[in-house]
Amino acid sequence: MELVSRQDPHLREVLWFAVCCRALTLLLQALFNLLIPDHAADAFSPPRLSEPGLWDLLLEQLLGGLSHWDAEHFLFIAERGYLYEHNCAFFPLYPLSLRAGAEAALWPLQPLLRLRSRLLLSATLLNSLFSALAAAALYELGCVVLRCRRLAFLAALLFSLSPANVFMAAAYSESMFAFLVFSAMWQLEKGQSWLSGLLFSLASGVRANGLINAGFFLYSRGQCFAHQLQGGSGAIRKLPLKLPLLWKQLLSVVSSAVLMCAGVFLPFALFQHYAYVRFCGPGTSLEQSVPKPLLQLALDKGYRLVAMNGVKPPWCSQRFPMVYSYIQDVYWNVGFLRYFELRQIPNFLLALPVTLLGLWAAWTYVIANPRHCLTLGLERRKSEEEGKPRAGFYSFAVFVYVVHATVLLAFGFFCMHVQVLTRFLGSSSPILYWFSAHLLDEYEPLLWSDGTDNQTAAPRSEKSLLGKSDSGGKGTPGNPVVRLLLNWGLITPRSKCVLGFFMSYWLLGLVLHCNFLPWT
């Protein structure tokens, strides 16, 4: 695979750091899960239908903290399918991957571990792989968009210390989604539209917010067409003479954009159709096919089963029946301003750091590129024509990602359970990492030196994040994040705030989430 075969010392360092952070995550969650008793949370917790063996109990001790909260849904779906109506809020590609891993790769462990244990182990291994590949994809994407290998390297390292770290490790779909989305963005930047479309389509089969990624295709095609119109000094003057060609180009742009967007929406539409057929079709004799403990759980908790006795859910009668929006509305009370209650103030405070960071990133970019933002990036700039585009976070290519992150931030803040904003943005947008890397790179003198703490900082034009070597691929790159953490007392307050946010949420997430305590 291209991501891991490139002989790039930065890429190797990114992958190595990602693996080390994941190993430390697994070790700490096992320790916290052992030392801290689980909270009795009112969460989905289906009964275990088979007695655990010795190896099952051992695995539960080691990895049990990764199976809490929504992870129970993913593991249950992978084991039992979409038995309960509210399971349909969780899209199928990730549970299918868990089942494939448990049945294929972990098949030799079948005599030792029951299916659920193999699913949990499969989730741990797959998420470790996906999170490492996502970090590598983010690095490659940053090199193309930011046009600054140094900044891309720092952002990819920060991704391994993501505030959403616990969800990248637990049996959640965040790692898989981040890998698919960052890879799709990278391929689109490289001009590989069809491969990008395939990856974006797979991402929308993992999480519902993957649908918004269709906007990248619309913007890419619109920008390409706008730049074609501005391609030369005589292009506009001769436009009436080339009207048939203009219409042909416009039709080509529109048709390709529509096809790509349809591909992104297809998995979502197919899953809604599957749910309609399953829950709105003829009733079945559930008593014979569903174990009694699961039937009893449905009665105790009020869970709706597959069309029992011909009674159909209310959403089946809607003009456009969509189970996903119905579940978000009825089961979790998700909607515009519904979360704006006094008792939710702690959750708003929990989401405050990522909210402020997202708004700060958008404001900083707009102030740096006001004309580019006002023209929506559709105006061909002189710097682009001269072949000298801006580099770093202020690069013109960053605009669409800033818009994407701002839309996600606004939607999450006003329409969702606000505490999920941290993992929502952390697994969907590179802006959180690019802007944090920009703040460290721009304002941290310790990163400007040549690698020794007591030497004078080098000029900005010569600064290096490599520590040991900055020659094209020779030597071993240093790890600037580790360097800053080891020299905590010497870094600026701004750097302490950025790294403090990442590290505190990285650690608190493990302590709280892995013991059934509320978190983001």
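Quick note: the coordinates plus some simple rules give every number you see, no bench work behind them. Please read all numbers here as calculations on a predicted model, not as lab measurements. FYI the Cβ positions are ideal-geometry reconstructions off the backbone, even for glycines, and counts take in every protein chain you see.
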- Placing +1 at every Lys and Arg Cβ and -1 at every Asp and Glu Cβ, with all other atoms neutral, what dipole size does the range 1-120 have around its Cα centre, in debye to the nearest 20? 280 debye
- Message: For Cα extents along the principal axes in Å, pick the label among (1) 100, 47, 37; (2) 145, 46, 37; (3) 74, 66, 51 that corresponds to the value derived from the coordinates.
- Response: (3)
- Could you give log10 I(q)/I(0) at q = 0.13, 0.22 Å⁻¹ for the range 255-373, computed by the Debye formula over C-alpha point scatterers of equal weight, without solvent? -0.86, -1.18
- Note on the structure: Using alpha carbon centers only, the range 152-167 is separated from the range 1-70 by a whole-angstrom value of 17 Å
- The equivalent-ellipsoid semi-axes of the range 88-230, taken as the square roots of five times the Cα gyration tensor eigenvalues and listed largest first in whole Å, are 33, 18, 12
- Note on the structure: With the range 9-155 reduced to its Cα atoms and the Debye formula applied, log10 I(q)/I(0) at q = 0.12, 0.19 1/Å amounts to -0.61, -1.17
- Query: What is the dipole size for the range 86-220, taken about its Cα centre, with +1 at each Lys and Arg Cβ and -1 at each Asp and Glu Cβ, in debye to the nearest 20?
  - Reply: 140 debye
- Computed about the Cα centre, the charge dipole of the chain from +1 Lys/Arg and -1 Asp/Glu charges at the Cβ has a magnitude in debye, to the nearest 20, of 1420 debye
- Message: Using the Cα centre of the chain as origin and beta-carbon charges of +1 (Lys, Arg) and -1 (Asp, Glu), tell me which of ALA136, TYR365, GLY412 is placed farthest towards the positive end of the dipole.
- Response: TYR365
- No other cysteine beta carbon under 4.7 Å away is the test; run it over the chain and list who passes. CYS20, CYS21, CYS88, CYS143, CYS148, CYS224, CYS261, CYS373, CYS415, CYS497, CYS514
- Got the relative contact order for the chain handy, in percent, Cα pairs under 8 Å and 6 or more residues apart? 21 percent
- Item | Mean residue ellipticity (222 nm) of the chain, computed from DSSP H runs ≥ 4 via -39,500 (n - 2.57), nearest 500 | -19000 deg cm²/dmol
